[in-house]
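Some notes on the structure that comes next.
What follows is calculated from the coordinates using simple rules that are stated; it is not laboratory data. Quick caveat, the model's predicted, so the values are computed rather than measured. Neighbour counts are summed over all protein chains in view; Cβ atoms, including those assigned to glycine, are modelled from backbone coordinates with ideal geometry.
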């Protein structure tokens, strides 16, 4: 890392104007260009990722692998929601499995008991989840940190208990069987390849929407209230409204994932929607990385693929490995897996405290070498 | 017609009365300073005016001079984001910038209430979203220009030195197009040159027609920029007037320097 000369240091200390284009402290010009470049790269990355994701069924016909990829898409949806909720707005939810459960049960019951069209069921279940999210979110989002975590945890547990105990409606621990598959233009999505394309299209739409968010009025409002609610509200941001809105969106994403799951596996039971899943969802979002929406892709991918790999050896190791991974990522990769390639290549953004000290002319150790070693 | 009328405002915290029946007015295009020893209730009063906190008693009436169609509102009975939308802009004693955003994006946050594009437009990047984004960017650049940071737009906010962080907060507040700008200790921690630059900026903002109310410990700065000064001590207003009058007011000297100092001074 280049150090600044005496002259530049004096310049920044007196607040003297340093024109863009000159090499000022922190290499501003380079950063400005980096912004445009990262935007173009983000679009390109999305196009390439979509292309690969949607064309997989052309050359991969093994239904086992296709099912894993379908579960990847299904897991990706709630992880994107949590990435927005936790990463951008800074609000935790340990009850998101309940929204997946509401989506799954909503779809299952509306189709099997009331004979609704599966797509209408997906839509109605999402609407129901949104309503529940509003009812839970209004009081819960007034809480912060641990208290919000506890409230959402409690909510998740209540939904699970209801799913088990309302036997007349939900079938209790036996669950719901013979859920009809989705259809599209007369084609049944029981065909794993068709289902793959549809479920991935839905996940990619959510990904694209989430990727669009940070550079907008709403996205900045979330980042602002995450940092400091008081400053955000003093700038005219309705903090409660924006927190609730992103909570509801994340609930809808989770609910749609649950619906896809129900129509895909055609059988659901309550035990899959407990606290363990809620915690794994948050763990996946964190391991993948909260600094960028791409973190959700990394996190969901890992959470789905890793158990498949580990299951070949011993299933019991799965949670243990996840736990260790969270610890390792937290210590060595604060930006999560999504930040890993840049970090390993030494391109990672300089740590904020280093930049601040540098701009005040203080010598700082280059911590990059430490991190890489 | 005053911009701000603080009328008999009282705020208690448990047994402590932080602000006691304080009344004063701020007039249009005036820089008014709120001074007093530590614990005098200045920041409490500031939080009341920006509606972050509510008084136990009294009214805080605000009429936005730059949007004359707006009705007068009582800031004692509203929420911070509504106060902001009504035309109250503020900065904070301890820098509250959004460090993960660029300087420009920090100021764009200040344009929030001037936009309408919601989550749906954002998700789908609708034309409305793009139009608003362009407008917000232009307005943010203007606000940065006014605060004297026009050449620092693309920098990460966390790399600004302290003096410019204060200016960034001012730019961000200006982006909301406030009728009344509240500055909470803007000169704290600044060196002489930075303070001078700040004073120039604040005067220029006032000359543009923005009314300013500020809390400050740096007396040199207060005396230099203020048109009028209100002095608080133990939550009560003990003096109000021009900087010159305040400087020689025995009550003020007593509050700041103690009874002894006044006694010693008098024989001369």
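Some values worked out for this structure:
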quantity	calculated
Helical mean residue ellipticity (222 nm; -39500 (n - 2.57) per DSSP H run of 4+; nearest 500) of the protein assembly as shown	-18000 deg cm²/dmol
Residue A:308-residue B:10 FRET efficiency (beta carbon distance; Förster radius 51 Å; 0.05 resolution)	0.20
Rg(Cα)/(2.2 N^0.38 Å) for segment A:78-273, N = residue count	1.07
Within chain B, percent of DSSP bridges classed antiparallel, to nearest 5	55
For segment A:195-351: rounded, prolate or oblate by the Cα gyration tensor [a/c cutoff 1.5]	oblate
Stretchable slack from residue A:291 to residue A:40, in nm (0.36 nm times residue separation minus alpha-carbon distance)	88.6 nm
Segment residue A:340-residue A:173, length gained on full extension (0.36 nm per residue, minus Cα span)	56.0 nm
Chain B - Rg and Dmax from Cα coordinates, angstrom	19.5, 76
Label-zone membership for segment B:15-32, site residue B:1, 7 angstrom Cα→C-beta point, backbone N under 16 Å	B:26-30
Highest-MSF residue in chain B out of B:133, B:164, B:216 [GNM, Cα springs under 10 Å]	B:133
Residue mean of other protein chain beta carbons inside 10 Å, A:234-247	6
Pairwise label distance in nanometres, residue B:77 with residue B:257, each label 7 Å out on the Cα-Cβ vector	4.5
Cβ-based exposure ranking for A:263, A:146, in which fewest neighbours within 10 Å come first	A:146, A:263
Descending semi-axes in Å of segment A:276-352, equivalent ellipsoid built from Cα gyration tensor	24, 12, 11
Pair residue B:248, residue A:183: separation of 7 Å Cα→Cβ label points (nm)	9.5
Segment A:45-115: C-alpha gyration tensor shape, a/c 1.5 cut-off, then a/b vs b/c	oblate
At R0 = 45 Å, FRET efficiency that the Cβ-Cβ distance of residue B:68 and residue B:38 yields, to 0.05	0.70
Residue A:113-residue B:21 FRET efficiency (beta carbon distance; Förster radius 56 Å; 0.05 resolution)	0.25
Length released on extending from residue A:241 to residue A:120, taking residue separation times 0.36 nm less the Cα-Cα span	40.8 nm
Fraction of antiparallel bridges per DSSP, the protein assembly as shown only, in percent to nearest 5	60
Where N is the number of residues in the protein assembly as shown, Cα Rg divided by 2.2 N^0.38 Å	1.11
Label-point separation in nm, residue B:203 to residue B:56, each point 7 Å along Cα→Cβ	4.2
